[in-house]
């Protein structure tokens, strides 16, 4: 011991004397240690303290605090005015009080903390166990000597790693679903695949999910009060994947796309250690930027510190599917698989059944299994299997759709009776092979759009400059997107007419959503649409001062015209409010109306939409609006399309024929 | 009139933006101690999902579109890394997938059933025997209050499977 101490002293003294700047840093080290959370007076021996100083000096020498990996471990990002700030918002994530903004202070405090056994924050874990990724990296960089810095035994972490048994990483993309407003842009989560896992047992793997924490059982008032006083936290959670499957596949009816990453098994451990660090901390959840998909990348960044995955998304919004594209560009995607939602499974089951079987299943659903079983039993046993299995799926789907107790794991009596009959057949259900509805979502067009167009309205020729922030409308190239569902957000049209020299704002669509979900004998879907727009009339000769603000919505039904096609025939009953703001008038109208139309894709890439609308006032100024339009688009490639529009408009006594053609580029 | 214009704009901002921002990205089921808790207690589901989305929209309308505010970290009072030992995992798996398991037992096939076989350590060549044994004893399992115990006893009475149930 004495010898070691002596060596240490000699080393320290030699360090002090080798360079004057280092002499100054020893004092810094003392300050840094004091800034740290560790309690100097407690039980840090002189020996440890000297070793710590040596580590700090070595870390300084190697400039570790500005190394890319340290930046991603603490989630530092450059701020607007130079400097750094961590995106993590839990104070307990930082061991130095200055840690959120000072990478160096945080590194010093982290090193100091590793000598302490004191649990960090509200967790029961000592610093080495609370921050295992930091520990393992610093240990490697500075070659910790266990004689001076003994390694802690982290039981929870070991249990965590053992339960997870990581073999590979898979990013899961539950595809967008029109009738679930929360999933319009999609979501991503990570699954840590186990060794020896198959398609069927993959549900036993653990998932790492980043989500906003929004309690469901709060009343509105406290919800609002809390909403005003706190901040929704975004957190990482580690959950069995079967719980996520239940949520996405059965409750929300979202197809799943699973992107297995090209990450070698030995590197996964480090990602998990960092996930463990993050699971006990939170970020403030920003829905457009720092959302689920962003922070999934920020977790994976510990593998790609030199060129982070998040760097592409630091400015601007993060659309989940764009993060998949980023992974693909980096060559990180090894394998992509598709797993159908329950609704798609039902459709797949019906595809192999004849009409009689399908009718029997519906009949048993409507009038009960007991009154139908004799008829079912008159069929051969394979046919009985198909009918009873479809009935079981119908029962479950209906339960989820209608009941409050949707996901209790209890079966109701009808289900039990059906299953009892089913078990007596002693036949194993055949496995269904369900094909994905189209190409991978990341093969779809870019989520932003820019374009240029030319046209004529009311005899006036014009040129349009078009830009849309996000995401997909019914005439955009359909590959990779959920069919017949559209979401336009911030769609801007600037126009230059022939008669004027300047470019002026013509139209802003703040939001426009259409969800066209076809109905059939079993699926009783309702379709809906809603939009908020501000536009200039192009019917009057002097449109300069004539603005309309329209907010409207409608609900109705959609049917397929042909089976196996993604066409749709829809009809809506609409209502809304229109505000007319012109030089001569400031007036409102509440209106109601109907709209109906057809959407077809006769050949791949050629989409046609025929649409008719009629609106009439119910209160406010007199309004009479009729419009018939034919829109067509031709996809030139994945990220370019041409659009042709013809319409006949009659609006408050003015009528016009309009025609335009536009070219869109998606990015 | 300017007031009306402002009101208009306010309506736009408070109604439209939340619709996209919150509703689009918030995985609002991720409440409290996680989806697991919510799902197992049967509080979720499509209606809850949609109504939660609407509540969130309302909150957004009050708070503003950029950032939502919510609960304190104290509310998340449980273990966020829900990993457990294999034995407990078996129990948890059966408890949270009871309906799917019973369904697949009746059908003699399925991913949940295969996963249960894997958790029980049943090797791939015995899966078919395992599924058949369970399907034949469906009535017993379906009425059992402890599905796992019932599966165990069926395995024990089947020579080929008894070794896995010890």
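The values are calculated or read from the model by the stated rules, or taken from the named source; none is laboratory data. Treat the numbers as computed from the prediction; the structure is a model and nothing was measured. Positions of Cβ are backbone-derived with ideal geometry, glycine not excepted, and every protein chain shown enters the neighbour counts.
How many of the residues in the range A:642-656 are in contact with a strand residue (DSSP E or B) (Cβ under 9 Å, 6 or more places away or on another chain) and within 19 Å of residue A:615 (Cβ to Cβ)? Spell out the reasoning first.
To start, the set of residues in the range A:642-656 that are in contact with a strand residue (DSSP E or B) (Cβ under 9 Å, 6 or more places away or on another chain) comprises A:642-653, A:655-656.
Still in the list and also within 19 Å of residue A:615 (Cβ to Cβ): A:647-653, A:655-656.
Matching residues across the range A:642-656 total 9.
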- Task: Taking the options A:452, A:385, A:400, name whichever one is at negative phi and more than 11 Å from chain B (Cβ to nearest Cβ).
- Result: A:452
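Here's the yes/no breakdown for (1) crowded, with 21+ Cβ neighbours inside 10 Å; (2) over 19 Å from residue A:306 (Cβ atoms):
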position	(1), (2)
A:52	yes, yes
A:70	yes, no
A:90	no, yes
A:119	no, yes
A:122	no, yes
A:137	yes, no
- Note on the structure: Turns out the strands (runs of 3 or more DSSP E) fully within the range A:142-220 with at least 1 residues that are more than 10 Å from chain B (Cβ to nearest Cβ), at pLDDT 90 or above and in contact with a helix residue (DSSP H, G or I) (Cβ under 6 Å, 6 or more places away or on another chain) are A:166-174, A:189-194
- For residue A:165, work out the one condition from (1) in contact with a strand residue (DSSP E or B) (Cβ under 6 Å, 6 or more places away or on another chain); (2) surrounded by fewer than 20 Cβ atoms within 10 Å (Cβ to Cβ); (3) within 21 Å of residue A:74 (Cα to Cα) it doesn't fulfil. (3)
- Note on the structure: Filtering the range A:288-316 for residues that are in a loop (DSSP other than H, G, I, E, B) and buried (at least 21 other Cβ atoms within 10 Å of the Cβ) leaves a count of 4
- Among (1) more than 12 Å from chain B (Cβ to nearest Cβ); (2) farther than 28 Å from residue A:340 by Cβ; (3) under 16 Å from the mean Cα position of the chain (by Cα); (4) buried (at least 24 other Cβ atoms within 10 Å of the Cβ), residue A:285 falls short only on (1)
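Identify all residues within the range A:74-97 that are in a loop (DSSP other than H, G, I, E, B) and either over 23 Å from residue A:141 (Cα atoms) or at pLDDT below 90 (or both); write none if there are none.
Step one: list which residues in the range A:74-97 are in a loop (DSSP other than H, G, I, E, B), which gives A:74-75, A:79-83, A:87, A:89-90, A:94-95, A:97.
Result: A:79, A:80, A:81, A:82, A:83, A:87, A:89, A:90, A:97.
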- What are the residues in the range A:487-530 that are in a strand (DSSP E or B), within 30 Å of the chain's Cα centre (by Cα) and more than 13 Å from chain B (Cβ to nearest Cβ), if any? A:492, A:493, A:507, A:514, A:518, A:527
- Item | Residue count for the range B:108-131, restricted to those that are in a helix (DSSP H, G or I), within 11 Å of chain A (Cβ to nearest Cβ) and buried (at least 16 other Cβ atoms within 10 Å of the Cβ) | 11
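Based on this model, can you work out whether residue A:487 counts as buried (at least 19 other Cβ atoms within 10 Å of the Cβ), over 19 Å from residue A:571 (Cβ atoms) and modelled with pLDDT of 95 or more?
Values: buried (at least 19 other Cβ atoms within 10 Å of the Cβ): yes; over 19 Å from residue A:571 (Cβ atoms): yes; modelled with pLDDT of 95 or more: no.
Criteria not met by residue A:487.
Residue-wise test of (1) surrounded by fewer than 17 Cβ atoms within 10 Å (Cβ to Cβ); (2) free of Cβ contacts under 8 Å to residues at least 40 places away in the same chain; (3) in a strand (DSSP E or B).
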residue	(1), (2), (3)
A:553	yes, yes, yes
A:558	no, no, yes
A:569	no, yes, yes
A:579	no, yes, yes
A:599	no, no, yes
A:602	yes, yes, yes
